[in-house]
1. Students often check this: by mean Cβ neighbours within 10 Å, which of 118-129, 403-414 ranks highest, and how do the rest follow?
2. Points 7 angstrom from Cα along the Cβ direction at SER188 and SER89: gap in nanometres?
3. Toward the positive end of the charge dipole of the chain, about the Cα centre and with charges on Cβ (Lys, Arg +1; Asp, Glu -1), which of LEU204, GLN135, VAL374 goes farthest?
4. If you place +1 on the Cβ of every Lys and Arg and -1 on the Cβ of every Asp and Glu, how big does the dipole about the Cα centre of the range 84-129 come out, in debye to the nearest 20?
5. For the chain, what does the relative contact order come out to in percent, with C-alpha contacts under 8 Å and a separation of six or more?
6. Mark the label point 7 Å from the Cα of ALA306 along Cα→Cβ and return the residues of the range 224-246 whose backbone N is within less than 17 Å of it.
7. Along the Cα→Cβ direction, 7 angstrom out, place labels at ASN317 and ASN180. What is the inter-label distance in nm?
8. Taking the Cα centre of the range 1-130 as the origin and placing charges on Cβ (Lys, Arg +1; Asp, Glu -1), which of ALA41, GLY96, ASN27 is farthest toward the positive end of the dipole?
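Any read-out appearing in this document is the output of simple, stated calculations on the displayed coordinates, not a laboratory observation. Given the structure is predicted, the values throughout are model-derived calculations rather than measurements. Cβ placement follows ideal geometry from the backbone for every residue including glycine, while neighbour counts extend to all protein chains displayed.
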Amino acid sequence: MLWGGRFKYGLDNNALKFSSSLSVDINLILEDIEGSKAHAAMLAGVKIISRHESEQITKGLRTIEQEWKDGKWNPDAEKFEDVHSAIESRLFELIGDTAGKLHTGRSRNDQIATDILLWIRKRCFLIQDSIKNLQIILLKISSCHINTLMPGYTHMQRAQPVSLAFHLMAYVEMLERDKNRFEQIYNSNNQSPLGSGALAGSTLPIDREFTARELGFNKPTENALDSVSNRDFILDYLHACSVGMMHLSRLSEEIVLWSTSEWNFIKLADSYSTGSSLMPQKKNPDLAELIRGKSGRAFGNYISLASALKSLPLSYNRDLQEDKAPLFDSSFSYEDSLELMASMLSTAEFNSGRFREEMQGDFSLATDLADWLVLKGVPFRQAHGVVGKLVQKLEMEKRNFKDVTVDELKKISPVFDESAVECLDINNSLNRKKTYGSPNPVLVQKRIEELLKKLV
Ligand code: ARG
């Protein structure tokens with residue numbers, strides 16, 4: 001027990017069970033030890049403890065770290081309030097009373113803030129790597145499908161033809177933004193809370209610059225009260241996870257759609273699909289559905305912490321202990337989702353020829369035909385009307401653009417000539433796109449190469 005002095009009786013068992021966060025904050029064990037090592041070295045540096053004592057503490061902490069990694073020490077959640085108390089108690093067992101010097105000039109309040117920040121900063125790197133891995137897989141698939149036609153939609157209605165590469169590259173751009181979000185979190189949380197004490201610093205000559213440097217921060221935080229109350233960085237992280245999951249949920253939704261027999265556009269590998277316990281023929285895209293489903297939980301986690309922080313008076317209140325479950329839940333499920341999405345896509349097969357026939361003659365080139373008129377000097381509004389009329393007529397006759405003749409076109413507008421029919425050929429539709437950022441295969445190819453060069 002870390003705080004027994006002024007108490008006559010120990011904590012009730014149920015109360016301890018209710019208040020223990022060990023089963024959750026055990027995830028911070030390595031960061032907690034890292035912070036304690038820096039703190040012990042600093043205490044020796046400012047001569048609050050001796051070199052020998054600092055070495056004893058560090059050695060003990062190393063042993064605990066090794067015991068944990070080897071599975072030889074696993075503290076009981078029914079016995080300890082949190083990871084800090086569990087480590088301190090083990091340190092006492094290992095090195096005796098010197099262990100009692102480690103907590104000098106430190107509170108669990110600045111300790112936990114430091115631990116979480118260290119954990120998040122490491123995780124930011126890891127997640128950026130996983131995002132990059134998924135991007136590379138999407139880029140590789142895209143490079144094989146620059147000319148794979150598929151319908152592009154707005155309002156879930158066929159709008160204009162695009163390519164599979166162009167469609168997947170939209171996700172690569174989203175992932176690029178996701179990565180930047182984590183990079184920003186890393187860069188903007190570069191101050192160490194350690195040494196802020198419980199809320200108001202210390203009368204001991206704690207060297208906060210030293211511990212900040214030791215732990216890889218730029219400098220110490222400016223205000224002790226803010227430092228122990230602040231959980232903005234977790235909110236930032238949960239927000240970044242939410243947006244990342246939201247993007248994955250959109251991709252998941254498309255995978256689910258594309259794998260239906262109606263779409264028949266993607267075939268998932270057996271190893272990333274599941275069957276039905278009742279219907280023998282079923283092959284289900286469960287992993288995509290689960291990623292889609294887990295995104296809801298990620299949003300919930302943000303709200304859960306934001307609600308805990310709302311109106312919370314300064315500084316540390318035990319409510320803050322509830323910050324960790326949402327943090328780990330979002331982070332782990334986002335990391336798993338990124339990994340599974342990458343495996344699922346890299347083993348999937350696309351049906352490249354699926355839309356080439358079907359889109360020949362459908363109305364998705366109507367805009368291109370209107371643009372053709374514009375280039376002949378017809379005002380766009382008028383051109384829009386002319387092509388609209390043509391579509392209406394063909395629909396009534398149960399026909400489409402496939403068998404439209406020049407004569408027919410001329411009847412609708414005398415401006416039309418032979419070359420207008422050419423722009424209704426789906427096979428050349430992507431090549432005719434002129435604008436930067438369009439699905440023109442040359443531009444898509446260029447962007448793929450640019451990103452592959454940057455990422456691989
Ligand atoms: N387990 C606590 C948490 O996660 C650590 C800080 C506890 N501080 C305290 N004064 N009870 O927030």
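1. Values: 118-129: 18.5, 403-414: 13.4.
Output ranking for 118-129, 403-414: 118-129, 403-414.
2. Going from the SER188 label point to the SER89 one covers 4.0 nm.
3. Among LEU204, GLN135, VAL374, the one farthest towards the positive end of the dipole of the chain is VAL374.
4. Its charge dipole is roughly 140 debye.
5. Details: 592 pairs, mean separation 69.5, N = 456.
Taking the mean separation of contacting Cα pairs over the length of the chain, I get 15 percent.
6. So the set is 231-246.
7. The answer from the label model is 3.7 nm.
8. After comparing all options, I get ALA41.
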